[in-house]
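Step one of this worksheet: look at the structure below.
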Amino acid sequence: MMEQVIYRPIRELSELISNKELSPVELVNTFLDRLEKLGPRYNAVVSLTRDRAIKQAQKAEREILKGAYRGKLHGIPFGAKDLLATSGNIPTTWGAEPLRNQVFNYDATAIVNLEAAGAVLSAKLAMVELAGGMGYRQPNAAFTGPGVSPWGNGMAWSGGSSSGSGSAVGAGLVPFAIGSETWGSILGPANNCGVSGLRPTYGRVSRYGAMALCWTLDKIGPLCVNADDCGIVLEAMAGHDPSDPTTTSEKYQYDTQDGNPRKFRIGIIRDVAEGTDEAVRKNFLESLKSLEEIGTIEEINLPELPYEAVTRTILFAEASSSFEDFIDSGKNMELTAEEDRFGGYAGLTILAKDYIRALRIRGMIAKVIDQTFEDYDVLVGPSRPSVAPPIEGEFRSVIRAGAKDLMGAIGNGAGLPAISVPNGFSAEGLPTGIQFMGRAYAENTVIKIARAYQSLTKWHEYHPEQLAQ
Amino acid sequence: MGAFNSNDLFSMIKASYGMRLSDDELEEVRDGVKRITELTDALRSVQLENRDEPMYWFKPYTRKELE
């Protein structure tokens, strides 16, 4: 059975399940076994939720046999980043050694919504400690060890902070996973692990029950084998939640129609690929050639504004408040990465007036970028400036300003949706990605163009040979 | 005049947490504080008007509305 289901998109698995050709119990057992056997190779799993998964799968099977099919996620296993609270004495560790035994007595809304759609929680997935809020600069920044990409023969980093979510999907350990992004934490692992990752608009998915890193930057979103699946999962997760007043009341309905063939209007911020690795730049330019088949491409200039400084200031200020008590308690000294033990102190010096100044400029940026989307459906750029770095040693961090990430700064600062999909490989066989970023609440547009791109290319269908067999 | 420089801010951290940190770690913190002040200096390149409000709105709370 394994050969039939590994790396198959949710859309295909769901068809088999709804036609009663595939048993949810067998499906879940297949992925549980894979998570157990292969998860340690990628440092991808914190907790296997076997009992809960089997109960849910049995329930799904009973319902489907009775004709009560709930929809495309019914009976589909998934993993959740270990910053989403889960009840039932399942630890929620936030990736941090001093919190290994932390438990909650409720489930995060994102998980409640997915389970209501019939999806089966099978594992809590590894993540960078405190979602990278202490300024880590090496892959080995979690008590589970460095996240390992399924590409690169065990030597390449999965990316962070949703490290386990990226590698679990990339290694075929789950059909989809949930991650979160404050700045780069979905798009980065999607890039490094060769999968599709969607960062929704801020407020599209409830943050209730998720570890708060930055209240005005945190977004929860899916990592899947293709863009289409991201839309399916987002529809189930999204929605207003009284427990998170920042959630939008606008209902999200995934639009699967490609509509009449038309040209997308694609903008590229001038010099957006400047300073990227050779393979990243080369693959990005190749992608643009493909995109010319479905759209018009224009280079654009944005007004001079301190985009990266604004998002970084907000990130450091809010993270310092989120973890002030943690730092004061001295628990930060028990974190895995040495730099995380002292990395939280500098942010404590951000003055209130500077944080508020950043929020005032954020308003200007939001208007400037929204105006830009009057003329373009999406802005496009490389997902990351480099391929996955080695699991040992330091990497260039965009959070610490070691690398430029203008689209990440704008997209996260203004709360805009973006999707990263694979667009090729480096000479060493490491994946690269391309991102499509859209106007606030325009997830359907970014998914639509990513789907169109994936219909022209096959990069999302490449999987590590030894894992696909 | 009136602005804190990175040494002032570093001294505040050193006074509160210095006992926990080695000399090398304190130097890392000093660098981190310097980077923070560079960030906030960059924010001052933008001329703001009095009417430019922070993008963070306060909304009076009632349980009724949330329900």
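Quick one: which residue in A:Phe316, A:Phe326 is open to solvent by 10 Å² or more (accessible area, probe 1.4 Å) and within 12 Å of chain B (Cβ to nearest Cβ)?
Residue meeting the stated conditions: A:Phe316.
The set of residues in region A:12-31 being of a type in the set (A, V, I, L, M) and part of a helix (DSSP H, G or I) consists of A:Leu13, A:Leu16, A:Ile17, A:Val25, A:Leu27, A:Val28.
Yes/no matrix, rows are residues, columns are (1) under 22 Å from A:Ser426 (Cα atoms); (2) touching a Phe, Trp or Tyr at 6+ places or on another chain (Cβ under 8 Å):
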{"site": "A:Ser149", "(1), (2)": "yes, yes"}
{"site": "A:Asn153", "(1), (2)": "yes, no"}
{"site": "A:Ala156", "(1), (2)": "yes, no"}
{"site": "A:Gly159", "(1), (2)": "yes, no"}
{"site": "A:Gly166", "(1), (2)": "yes, no"}
{"site": "A:Gly170", "(1), (2)": "yes, yes"}
{"site": "A:Ser180", "(1), (2)": "no, no"}
{"site": "A:Trp183", "(1), (2)": "no, no"}
{"site": "A:Gly188", "(1), (2)": "yes, no"}
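Which condition from (1) in contact (Cβ under 8 Å) with a residue 60 or more places away in the chain; (2) closer than 30 Å to A:Gly147 by Cα; (3) over 17 Å from the mean Cα position of the chain (by Cα) is the one that A:Gly413 breaks? Of everything listed in (1) in contact (Cβ under 8 Å) with a residue 60 or more places away in the chain; (2) closer than 30 Å to A:Gly147 by Cα; (3) over 17 Å from the mean Cα position of the chain (by Cα), A:Gly413 misses just condition (3). Within the option set A:Ile410, A:Ile434, A:Ile356, A:Ile419, being open to solvent by less than 30 Å² (accessible area, probe 1.4 Å), of a type outside the set (D, E, K, R) and within 14 Å of chain B (Cβ to nearest Cβ) holds for one residue only, A:Ile410.
Pairs meeting the criteria (first residue in region A:373-391 and over 17 Å from A:Gly408 (Cβ atoms), second residue in a loop (DSSP other than H, G, I, E, B) and open to solvent by less than 30 Å² (accessible area, probe 1.4 Å), beta carbons under 6 Å, at least 6 apart or on different chains) are A:Ile391/A:Pro139; A:Ile391/A:Pro146.
Restricting attention to region A:192-206, the residues that are within 22 Å of A:Tyr355 (Cα to Cα) and either open to solvent by 10 Å² or more (accessible area, probe 1.4 Å) or in a strand (DSSP E or B) (or both) add up to 1. Does region B:27-67 hold any residues that are hydroxyl-bearing (Ser, Thr, Tyr) and exposed (fewer than 14 other Cβ atoms within 10 Å of the Cβ), and which are they? Once the filter is applied, which keeps residues that are hydroxyl-bearing (Ser, Thr, Tyr) and exposed (fewer than 14 other Cβ atoms within 10 Å of the Cβ), region B:27-67 yields B:Ser45, B:Tyr61, B:Thr62. Restricted to helices (runs of 4 or more DSSP H) entirely inside chain B, those with at least 3 residues that are more than 9 Å from chain A (Cβ to nearest Cβ) and of a type outside the set (Asp, Glu) are B:6-17. In the set (1) more than 8 Å from chain B (Cβ to nearest Cβ); (2) surrounded by fewer than 18 Cβ atoms within 10 Å (Cβ to Cβ); (3) in contact with a helix residue (DSSP H, G or I) (Cβ under 8 Å, 6 or more places away or on another chain), the condition left unmet by A:Arg265 is number (3). The residues of region A:274-296 that are more than 16 Å from A:Gly424 (Cβ to Cβ) and surrounded by 16 or more Cβ atoms within 10 Å (Cβ to Cβ), listed by number, are A:Ile294, A:Gly295. Screening A:Glu129, A:Glu115 for residues that are crowded, with 24+ Cβ neighbours inside 10 Å and touching a residue at least 12 places away in the same chain (Cβ under 8 Å) leaves exactly one candidate, A:Glu129.
The residues listed here are A:Glu394, A:Glu293, A:Glu308; of these, the one that is charged (D, E, K, R) and within 19 Å of A:Ile266 (Cα to Cα) is A:Glu293. If you check A:Thr296, A:Thr256 for being over 24 Å from the mean Cα position of the chain (by Cα) and without any contact (Cβ under 8 Å) to a residue 40 or more places away in the chain, only one passes: A:Thr296. How many residues, within region A:129-165, are more than 13 Å from the chain's Cα centre (by Cα) and in a loop (DSSP other than H, G, I, E, B)? Matching residues across region A:129-165 total 22.
The values are calculated or read from the model by the stated rules, or taken from the named source; none is laboratory data. Just so we're clear, the structure is a prediction, and the values are computed from it rather than from any experiment. All Cβ positions, glycine included, derive from the backbone under ideal geometry; neighbour counts span all protein chains shown. Each accessible area value is taken on the protein alone, full model and side chains, heavy atoms only, with ligands, DNA and RNA left out. Shrake-Rupley method; radii C 1.70, N 1.55, O 1.52, S 1.80 Å.
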